[in-house]
Amino acid sequence: MEQLESVRKQFLTDIESFPENPQDIEHLRSKYLGRKGLVASLFALMGKATAEERPALGKELNLLKQDLTVKFDEKENIFSTSQQSAEDDSIDLSLPGKTPRIGSIHILEQTLSEIKDIFKSIGFHVAYGPEVDDDYHNFSALNIPEHHPARDMQDTFFVDPTTVLRTHTSNVQIHLMENEDPPIRYIVPGRVYRNEAIGYKSYCLFHQVEGIYINERVSFAELKGCLEFFVKQMFGPNKKMRFRPSYFPFTEPSAEVDMWDDERQQWMEILGCGMVDPAVLENVGYDSKKWHGYAFGMGVERIAMLKYKINDIRLFYNGDTRFLEQFS
Ligand code: PHE
């Protein structure tokens with residue numbers, strides 16, 4: 001009886017230190033219940049017991065054997081069920097890990113930084129200004145008189161009667177000149193907003209890069225040279241471009257630059273430019289007899305469209321990863 005109890009104790013400590021895997025359990029099972037196991041050797045001792053002791057001892061031994069069998073079966077069950085769930089499709093342990101999808105820089109942002117790098121290489125500083133601005137900085141100070149069509153509700157998003165979402169980055173020309181004495185040389189990248197018909201080349205918001213250079217002697221030839229340099233750097237030496245006379249209230253003379261759209265076989269306007277109108281210089285307190293300058297404002301989406309053969313401006317804004325991934 002004592003030996004029986006010590007086997008039971010030993011078993012309890014063995015099974016308590018939970019076997020790690022089915023093989024360990026199998027091993028333990030044969031240690032206790034195998035043909036030459038501990039339980040079998042207890043049965044062998046029955047021969048030494050007296051006839052009176054034998055029935056009680058036999059009963060205890062059978063109980064022990066039963067207990068152990070139940071315990072072993074339980075443990076084995078735990079393994080076989082966890083084995084099953086590992087075989088489930090949803091947890092296929094043989095699959096390689098999933099690579100997290102990482103984002104990439106948006107093609108517009110990439111184009112913007114190319115533009116910035118080109119102008120920085122020829123001495124322009126980069127500045128930023130407000131997207132929500134007053135009527136004065138977006139219009140009046142730029143010599144856009146009160147009843148000019150550019151102020152029409154059709155083009156401008158008004159926040160209130162005297163505050164607008166800027167319709168161009170030219171408002172920052174004024175902020176820069178108000179805050180700094182000449183000479184100055186800046187480019188200003190940023191978002192602009194226009195309430196106009198949406199189509200393949202026009203959207204209600206887009207990006208511009210404004211340029212402004214003010215010094216004592218600045219010529220239209222320098223403006224032309226600067227923009228030609230930019231186009232050559234951006235598109236290579238063979239891209240067709242043209243200057244076309246134009247009109248802006250804040251530059252005189254004014255021009256627009258068109259680039260040849262290979263896809264559509266037609267010209268596409270990419271920027272407006274000109275010599276800063278003396279009235280604008282006077283508005284910011286610069287002496288227009290002494291200081292002269294040029295300014296330009298280019299559409300970033302259109303430049304990206306031409307460079308990367310993107311045929312619809314709306315693609316920049318609808319977040320379709322099939323489009324965006326092509327530029328990652
Ligand atoms: N602000 C003008 C536009 O949005 C572009 C421009 C900028 C023209 C600077 C001349 C000088 O169309």
Contact order relative to length for segment 2-89, counting C-alpha pairs under 8 Å separated by 6 or more residues, stands in percent at 30
With the 8 Å Cα cutoff and a minimum separation of six or more residues, segment 6-153 has a relative contact order in percent of 14
Relative contact order as a percentage, the chain, C-alpha pairs under 8 Å and 6+ apart, gives 15
With the dipole of segment 31-124 defined by +1 on each Lys or Arg Cβ and -1 on each Asp or Glu Cβ, the option from LEU38, THR50, SER80 whose Cα lies farthest towards the positive pole is THR50
For segment 107-327, the dipole about the Cα centre with charges only on Cβ (Lys and Arg +1, Asp and Glu -1), to the nearest 20 debye, works out at 860
Given unit charges at Cβ for Lys, Arg (+) and Asp, Glu (-), the dipole magnitude of segment 2-89 about its Cα centre in debye, nearest 20, is 700
A 1.4 Å probe over the protein heavy atoms gives segment 1-129 a carbon and sulfur accessible-area percentage of 55
Inter-part gap, Cα centre of segment 251-290 to Cα centre of segment 305-319, in whole angstrom, is 24
Restricting to lysines and to Cα separations under 28 Å from LYS65, and discarding same-chain partners fewer than 8 apart, the set is LYS9, LYS31, LYS36, LYS48, LYS75
Helix 220-235: inclination vs the chain longest Cα principal axis, degrees, rounded to 10, gives 30
Kirkwood radius from Cα pairs of segment 2-89 plugged into Stokes-Einstein at 25 °C, 0.890 mPa s, gives D in µm²/s equal to 171
Among HIS27, HIS147, HIS292, the residue with the largest mean-square fluctuation in a Gaussian network model of the chain built from Cα contacts under 10 Å is HIS27
Probe 1.4 Å, heavy atoms of protein chains only: per residue, the accessible area of segment 107-327 in Å² is 47
Taking Cα atoms only, helix 2-16 is inclined relative to the longest principal axis of the chain by an angle, in degrees rounded to 10, of 10
Expected unfolding gain across ASN195-ALA51 under the 0.36 nm per residue rule, minus the alpha-carbon gap, is 41.0 nm
Of the listed links LYS240/LYS289; LYS120/LYS289; LYS120/LYS240; LYS232/LYS290, those spanning more than 30 angstrom between alpha carbons are LYS240/LYS289; LYS232/LYS290
Expected unfolding gain across ASN21-GLU178 under the 0.36 nm per residue rule, minus the alpha-carbon gap, is 48.7 nm
Residue-normalised 222 nm signal for the chain, counting each DSSP H run of n ≥ 4 as -39,500 (n - 2.57), nearest 500 deg cm²/dmol, is -12500 deg cm²/dmol
Kirkwood-based Rg/Rh on the Cα set of segment 107-327 evaluates to 0.95
Note: GLU325 to ASN62 extended length (0.36 nm per residue) minus current alpha-carbon separation gives 87.5 nm
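The values are calculated or read from the model by the stated rules, or taken from the named source; none is laboratory data. These figures come from a predicted structure and were not determined experimentally. Cβ: placed from backbone, ideal geometry, glycine included. Neighbour counts: every protein chain shown. In case anyone asks, the SASA skips ligands and DNA or RNA and just uses the protein heavy atoms, side chains included. Shrake-Rupley method; radii C 1.70, N 1.55, O 1.52, S 1.80 Å.
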